[in-house]
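Some notes on the structure that comes next.
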Amino acid sequence: MDFRDVAAPRARAALSYVAAGSEGPAVAPDLRITLNLHPDRAVGGLTVLRALAQDGTYHSQFVTGTGNGGLTAHPGGDRWRWESRIFGGVYDDADAHDRPVYGALNFRHQVVGAAPRFGSSHFRLTGATLARATFCYPDSAAEPADFGVAAGMSLIALAEADEQDALNDYIEAQVHAGVVLARDVEALVLDASYRGTPVETAARLLPCPLEWHPGYRLTVAQLRRHADYRGREYVELGARIAEDGRIDPRIIGDAARTGRYELQDLKMVWHTLARFGAPEGAGTACSGRAAASGTADAAHSGAAARSPDADTGVGGHTPAASTPCA
């Protein structure tokens, strides 16, 4: 496995280190890495998309100090320790900007991206980024033993044979040598709840096409049926912030920016919405949900909704790990 085309020395060394222990079939060239995110969260006084429009580069948690999982990206922290183990110490003394960024391999072709646990929307990267990505299953936070590179790995078969909660059903990807939006992103795919909002306005400032997926949503009554998933207190929080008896990603994001709620609590509300309120074509989708919703966007199954200025995204199926919602 030859990584001479990767210019960054540390990235090249990290890829070679993982490749030495990777074997199996090559990743299909039509698969894509996605970077899931909440596009309306605040970073340094700006929303994520506004910050990205100014910078043009997607940064790791080591740079931003923010994230949708654990915040341990600092010297001696868990993320630092995991990267040291996975990449053989290559990044131990690296500048924060040199470290990889995290996403997931969308081997299930989900319209919502490969790892909606981390956000309702996603950047879909170009096929070229596969060659400078490493992968693991399960998530690196679980300190996995199985790693791979796109030239040959067995992680897809491993994930397909496993039984995980649908929010944990992803192959983590670490993209090395940077993610520059104009060079490395095929499209930003937003949740339909952001149509006509400042998030859409910010998205149109980015140097990549904008696409849509049908969107997450739950009624408060539906939310309360799943109080045992993350806890009743989070269901009640969801009910308090609901608008017109429903919640969606835009509503949760608005609540996050008020400063009145703990972000970790809102994350639990999001997990419940992501698990039980997904559109068709998502790994967490409820059978028949789109037909029951009565909305045009929800009627799309297996394809992202068409933006006036972009082609649609790749569709998807509901994997066996998912179960119909009650």
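Looking at ALA26, ALA7, just one residue is modelled with pLDDT of 95 or more, open to solvent by 50 Å² or more (accessible area, probe 1.4 Å) and part of a loop (DSSP other than H, G, I, E, B), and that residue is ALA26. When segment 155-178 is filtered for residues that are open to solvent by 10 Å² or more (accessible area, probe 1.4 Å) and out of contact with any helix residue (DSSP H, G or I) (no Cβ under 8 Å at 6 or more places or on another chain), the ones remaining, listed by number, are ILE156, ALA157, LEU158, GLU160, ALA161, ASP162, GLU163, GLN164.
Filtering ALA221, ALA227, ALA255 for residues that are of a type in the set (A, V, I, L, M), in contact with a Phe, Trp or Tyr (Cβ under 7 Å, 6 or more places away or on another chain) and free of Cβ contacts under 8 Å to residues at least 60 places away in the same chain leaves a single hit, ALA255.
Please go through segment 135-177 and pick out each residue that is under 17 Å from the mean Cα position of the chain (by Cα) and within 19 Å of LEU15 (Cβ to Cβ). Across segment 135-177, the qualifying residues are PHE135, CYS136, TYR137, SER140, ILE171, GLU172, ALA173, GLN174, VAL175, HIS176. Here is a check on your reading of the model: is GLY67 closer than 26 Å to GLY127 by Cβ and at pLDDT below 85? It is true that GLY67 is closer than 26 Å to GLY127 by Cβ and at pLDDT below 85. In segment 168-175 there is at least one residue that is within 26 Å of ASP191 (Cα to Cα), in contact with a Lys or Arg (Cβ under 8 Å, 6 or more places away or on another chain) and of a type in the set (S, T, N, Q).
Looking at ALA42, is it of a type outside the set (Asp, Glu) and touching a residue at least 24 places away in the same chain (Cβ under 8 Å)?
So ALA42 fits the description; yes.
Only residues that are under 16 Å from the mean Cα position of the chain (by Cα) and farther than 21 Å from TRP270 by Cβ were counted in segment 36-59, giving 1.
Residue-level analysis places TYR137 outside the set of residues that are over 16 Å from LEU31 (Cα atoms), crowded, with 22+ Cβ neighbours inside 10 Å and in contact (Cβ under 8 Å) with a residue 40 or more places away in the chain. Are any residues in segment 118-133 part of a loop (DSSP other than H, G, I, E, B), in contact with a Pro (Cβ under 9 Å, 6 or more places away or on another chain) and among the hydroxyl-bearing types (Ser, Thr, Tyr), and if so, which ones? Once the filter is applied, which keeps residues that are part of a loop (DSSP other than H, G, I, E, B), in contact with a Pro (Cβ under 9 Å, 6 or more places away or on another chain) and among the hydroxyl-bearing types (Ser, Thr, Tyr), segment 118-133 yields only SER120. Restricting the search to segment 207-232, which residues are among the aliphatic types (A, V, I, L, M), more than 9 Å from GLY277 (Cα to Cα) and under 23 Å from the mean Cα position of the chain (by Cα)? Within segment 207-232, just LEU210 meets the criteria.
Checked against the criterion of being of a type in the set (Phe, Trp, Tyr) and either surrounded by fewer than 17 Cβ atoms within 10 Å (Cβ to Cβ) or free of Cβ contacts under 8 Å to residues at least 60 places away in the same chain (or both), the candidates PHE87, PHE62, PHE107 yield just one match: PHE62. Number of residues in segment 134-172 that are in a loop (DSSP other than H, G, I, E, B), of a type in the set (S, T, N, Q) and within 15 Å of ARG117 (Cα to Cα) equals 1. Taken across segment 12-20, residues that are open to solvent by less than 20 Å² (accessible area, probe 1.4 Å), at pLDDT 95 or above and part of a loop (DSSP other than H, G, I, E, B) do not occur at all.
For segment 126-145, give me each residue that is in contact with a helix residue (DSSP H, G or I) (Cβ under 6 Å, 6 or more places away or on another chain) and more than 21 Å from ASP2 (Cβ to Cβ).
TYR137, SER140
The values are calculated or read from the model by the stated rules, or taken from the named source; none is laboratory data. Everything quoted here is computed from the prediction, not taken from an experiment. Cβ coordinates were reconstructed from backbone atoms using ideal geometry, including for glycine residues, and neighbour counts include every protein chain displayed. What goes into the accessible areas is simple: the full protein's heavy atoms, side chains included, and nothing from ligands, DNA or RNA. Shrake-Rupley method; radii C 1.70, N 1.55, O 1.52, S 1.80 Å.
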